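The structure appears below as structure tokens.
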Amino acid sequence: MSVRRETLDLRKTDSDFVKRVAESGGEKILLCVQCGTCSGGCPAGRRTAYRTRQVIRRALTGLKDEVLSSQDIWLCSTCYTCLERCPRGINVTDVILILRNLAVQAGFMLKPHKDVSAYLLRTGHAVPIIDKYKALRKELKLPELPPTTHSYPEALDEVRRIANKTGFDKLIGFEG
Amino acid sequence: MGEESRVGVFVCECGGNISNGVDVEAVCKAAQGWKGVVVARNYSYMCSKPGLDMIQSMVKRHNLNRIVIAACTPRMHQVTFARAMKTLGLNPFLLEVVNLREQCSWSHSGEKEAATKKAVSLVRGGVERARSLEPLEASWLDVEQRFLVVGGGIAGITAALELANQGYPVYLVERDPSIGGHMAQFGKVFPTMDCAQCILTPRMVEVGRNPNIKLMTSTELVSVTGGPGKYHVKLFIKPRGVDPEKCTACGVCSKLCEVEVPNEFNMGLDKRKASYLMFPQSVPLVYTIDFNSCTKCGRCAEVCPRKAIDLEDKGKFVEVDVGAIVVATGYELIDLRKFEEYGYGVHKNVITALHLERLLSPFGPTGGYLRRPNDGGDVKKLAYVLCAGSRDLNRGIPYCSRVCCMYSIKQAQVIIDAFLDAQVTLFYIDIRSFGRGFEEFYKSAQEKGVKFVRGRVSEISESGEGCLLVRAEDTLLGVPVEDEFDLVVLCPALVPSPGTAELAEKLSISLGEDGFLMEKHPKLDPVNSLREAVFVGGCVLGPKDIRDSVSEALGAAAKGSTFVKAGKIELSAEKASVEKETCNGCGNCVNICPFGAITLADGKAVVDRLRCLGCGGCVPECKVSALVLHNSTDRQLFGLMRGILVEKADRPIILAFLDYDIAYNAADLIGLARIKYPANVLIVRVPTTARLGKKHILYAFAMGADGVFLGDAHKGAGPLSGASKITEKRLSEISEALDEGGIDSLRLWFSAVYIPDFRKLANTFSNFVSTIAEMGPIDEGARKKILEEIGPVP
């Protein structure tokens, strides 16, 4: 995130945003004291510009678009170290996941995620089976195909119906 | 009751605290029409001078002889109003206080209509009780002119000296072999940089030689019986193997001793012998044999020039009577091993600030030279981790330790002053330098070059032989940072000293949610416990610095001497007594009394007024109604229930009988914390639930209650908690009677209450209301039948 060059007008921030995060299961972020334990021990933050504490701070300040449009929230590897150590008992990792959900709902989604999701709707799997694993399964005396859409292609239709009813297909631009 | 009762009802608005949640005018209007009520008035502050004047003029104008005050909890102002009654020439027991604040307006905010209905019911109950109140006279007990001070740290030392200098004999009890407490372990103290030993040692010596102080070290408190003015205390002097009268502290025993164990005083950084002196300035200056490690080889006893050693010492019990008690048992450090990312207990060079105090002490394990614990090497760079375990809702404790900002800043300066090339970095969340001279002290650390990094340390790992890699975020830069140090000092959270809960149980005083003792009022009665003549001070009330501990100790001593100086104490009139002519000498009451207060003499029961604590457990046992508990008579109790239930509050109606000491207090705390529960819960104050028999409970249901809740002291919570057992015993019999009468016995609920758990009580109320609501209404026929079975009540 770049350095701000002008004064932040707090009147223009979205004070309902933090409420929404709270209602979605992140109510403890209100207890944050910005100590930095999360970012100080974050393995992803050590190598990238991801600063957990700043994401939380921005959310608390109501910088909704800035939080949701930023790529930062997608850099978390969900290792849960921050959640284990947070002295305020905040479910930090869950909050990041909540923010991702809100971002997606607001239409902020990276192209790779859209592609993977499209794969899911096309095949029923984010990572469909390949020949190597078919062979391995056979060797282990398992059916060649797992009991998923691979074995039951008709279930794929149900997956797509869910995506359609929830509007997920539109979000990712899936067109069948 | 010769005279006709003329009741005045006075409803306090409490400046909106009550009137915002309860329609006080509606309450007055309802009261105007009740039998016996001559006048009903509301006013903004009933406890104020104009409020009391108004009551006075009403009493005169209307010739009132009973007063009902509907206001805050009786714990707050019952005494104020009782005093006002006395000046009017009315017996103070002709007063009834109804709780409309803590247990009504504050607990049901936003539900004014329901709260008002509840208020009307409660006030009507109060009026009915008031009509049958009887005048009572108190009796007096001589107060023992002696004190017990528990805890020999700076707070206990201060309190003991203060009382002794006022001329009172004091027993100062300390469980360690020497007094001094944690302060004796400190080097310098903030913000003045005095040497702790230089200011503490003279006080310790003074304790040792003051003729009014009987110093009892290596001693623990076993039990406390009796009451305010005359506490009977049993103490155990633990075996120390050395006769304090004979020992000259020559130290020969220790030199010869071959057993070596970690030295607790130096935080295990070096060893001590099984025969040892806690520290060179110990008071009393007497050696102690540590029987946990002693092999009883006997050589010390042989060589002792004064023959002071007795390896067969078994310790002894001592009993003393005192008028009042001061508790100053201090704090302990939290165990930081569970914070695995700090590596405390794994990495040798990760220590606590108390270890560092010992490392900097001239009589510490290194003679005051700062060395790395792993190899004795120099320390060039060290880091401080503030708030280790404090302000931690996850694995630590929620509160601030109040001292770690300042002592870390102190240690940093001591280190830089002594070792000019040392570099000190403080990792902090907030610097709280609130005291006099504290901010200036912070500034002087900045000037000396202490580095301040705003970020809580996230992890510490070993990065080489004894070197530690510390990771955090510099939150002001917004970047993760890491640095290498020779030594990392953790500033641990402060927790109650081990045994605080057991001590509180023995003394029948209360703990707060944080495990520290609770004061009577956090602002206005900071050094009184919730029990009369038990005073408290220092870190047993929560973390604080030396100055604040000393101030509280002085306060506790002052309050203590005020109490004892009065010479006499009023004995409650709320005790049981026997009508001799009626008593048939069956002995039921003798067997049930948890305090051994009733005996049989010449075939009649006799109550010992000193021992009787007024629980009321004996009254329902008496088949011939010879027993009476004053100020809680059957006539009063049934009247109260009738009054409450005749005004129909919102259904389901829950009558909650709470013991006054614990459960009622917890219900007040619920209101104070503004926690909500349904207004269907109507609270009735009883001395203990043991006062209630089958007849009372059945009557409540017969008269319209849909559920009855009994809340009483958890075992060990308060002097009267022994009475809960009686209630628990009666429950099955009462439940049977309910089931037989066609009322589901699940409508009767008993809960053991513990003051710190008041939130739980609020939850239990809410759950009980919904359970009863789901069960639906009680068949009116069943109520009628039960009423017939009970027969007439007073």
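The values are calculated or read from the model by the stated rules, or taken from the named source; none is laboratory data. Please read all numbers here as calculations on a predicted model, not as lab measurements. Backbone-built Cβ (ideal geometry, glycine too); neighbour counts: all protein chains shown.
A few remarks follow.
- Being closer than 23 Å to residue B:530 by Cβ, modelled with pLDDT under 95 and part of a helix (DSSP H, G or I) is a description that applies to residue B:76.
- Scanning the stretch B:244-276 for residues that are assigned to a loop (DSSP other than H, G, I, E, B), in contact (Cβ under 8 Å) with a residue 24 or more places away in the chain and in contact with an Asp or Glu (Cβ under 9 Å, 6 or more places away or on another chain) gives B:259, B:263, B:267.
- Condition met for residue B:725 (without any contact (Cβ under 8 Å) to a residue 40 or more places away in the chain, surrounded by fewer than 20 Cβ atoms within 10 Å (Cβ to Cβ) and either under 30 Å from the mean Cα position of the chain (by Cα) or closer than 30 Å to residue B:515 by Cα (or both)): no
- Of the residues screened, residue B:419 is not one that is within 14 Å of another protein chain (Cβ to nearest Cβ) and either among the hydrophobic types (A, V, I, L, M, F, W, C) or over 20 Å from residue B:484 (Cβ atoms) (or both).
- Which listed residue, of B:309, B:334, B:289, is out of contact with any helix residue (DSSP H, G or I) (no Cβ under 7 Å at 6 or more places or on another chain), buried (at least 19 other Cβ atoms within 10 Å of the Cβ) and farther than 30 Å from residue B:527 by Cα: B:289
- Picking from residues in the stretch B:523-540 that are touching a Leu at 6+ places or on another chain (Cβ under 9 Å) and farther than 14 Å from residue B:661 by Cβ, the one that is surrounded by the fewest Cβ atoms within 10 Å (Cβ to Cβ) is B:526.
- Helices (runs of 4 or more DSSP H) within the stretch A:103-176 that include 3 or more residues over 25 Å from residue A:68 (Cα atoms): A:131-139, A:154-166
- Criterion applied to B:18, B:67 was being within 20 Å of residue B:631 (Cβ to Cβ) and crowded, with 22+ Cβ neighbours inside 10 Å, and the one residue passing it is B:67.
- Yes/no for residue B:424 being buried (at least 17 other Cβ atoms within 10 Å of the Cβ), part of a strand (DSSP E or B), away from chain A (no Cβ under 14 Å) and not basic (Lys, Arg): yes
- Criterion: within 21 Å of residue B:398 (Cβ to Cβ), more than 14 Å from every other protein chain (Cβ to nearest Cβ) and small (Gly, Ala, Ser) - qualifying residue of B:499, B:466, B:455, B:515: B:515
- Filtered residues of the stretch A:90-114 (kept if within 16 Å of residue A:38 (Cβ to Cβ) and of a type in the set (Phe, Trp, Tyr)): none
- Where helices (runs of 4 or more DSSP H) fall wholly inside the stretch A:1-91, the ranges with 2 or more residues that are within 12 Å of chain B (Cβ to nearest Cβ) are A:37-40, A:52-61, A:81-85.
- Comparison of B:5, B:19 shows that the only residue that is within 39 Å of the chain's Cα centre (by Cα) and either without any contact (Cβ under 8 Å) to a residue 24 or more places away in the chain or assigned to a loop (DSSP other than H, G, I, E, B) (or both) is B:19.
- Every residue from the stretch B:427-458 that is without any contact (Cβ under 8 Å) to a residue 12 or more places away in the chain, closer than 30 Å to residue A:85 by Cβ and in a helix (DSSP H, G or I): B:446
- Qualifying residue in the stretch B:391-410 (condition: surrounded by fewer than 23 Cβ atoms within 10 Å (Cβ to Cβ), within 14 Å of chain A (Cβ to nearest Cβ) and of a type in the set (Gly, Ala, Ser)): yes
- Flag for residue B:490 being within 14 Å of chain A (Cβ to nearest Cβ), part of a strand (DSSP E or B) and aliphatic (A, V, I, L, M): yes
- Counting only residues that are touching a residue at least 12 places away in the same chain (Cβ under 8 Å) and surrounded by 15 or more Cβ atoms within 10 Å (Cβ to Cβ), the stretch A:78-88 holds 6 of them.
- Only one of B:149, B:127, B:59, B:39 that is over 30 Å from the mean Cα position of the chain (by Cα), crowded, with 24+ Cβ neighbours inside 10 Å and aliphatic (A, V, I, L, M): B:127
- Check on residue B:662, among the β-branched types (Val, Ile, Thr), touching a Gly at 6+ places or on another chain (Cβ under 9 Å) and modelled with pLDDT under 95: yes
- Breaking point among (1) surrounded by 20 or more Cβ atoms within 10 Å (Cβ to Cβ); (2) under 16 Å from the mean Cα position of the chain (by Cα); (3) not small (Gly, Ala, Ser), for residue A:75: (1)
- As for the stretch B:389-396, it holds no residue that is modelled with pLDDT of 95 or more and more than 30 Å from residue A:90 (Cα to Cα).
- Residues (surrounded by 19 or more Cβ atoms within 10 Å (Cβ to Cβ) and either more than 8 Å from every other protein chain (Cβ to nearest Cβ) or touching a residue at least 40 places away in the same chain (Cβ under 8 Å) (or both)) located in the stretch B:469-480: B:470, B:472
- Number of the condition not met by residue B:89 [criteria: (1) at positive phi; (2) in contact with a strand residue (DSSP E or B) (Cβ under 6 Å, 6 or more places away or on another chain)]: (2)
- Note on the stretch B:383-422: residues that are in contact (Cβ under 8 Å) with a residue 60 or more places away in the chain and under 18 Å from residue B:448 (Cβ atoms) total 11.
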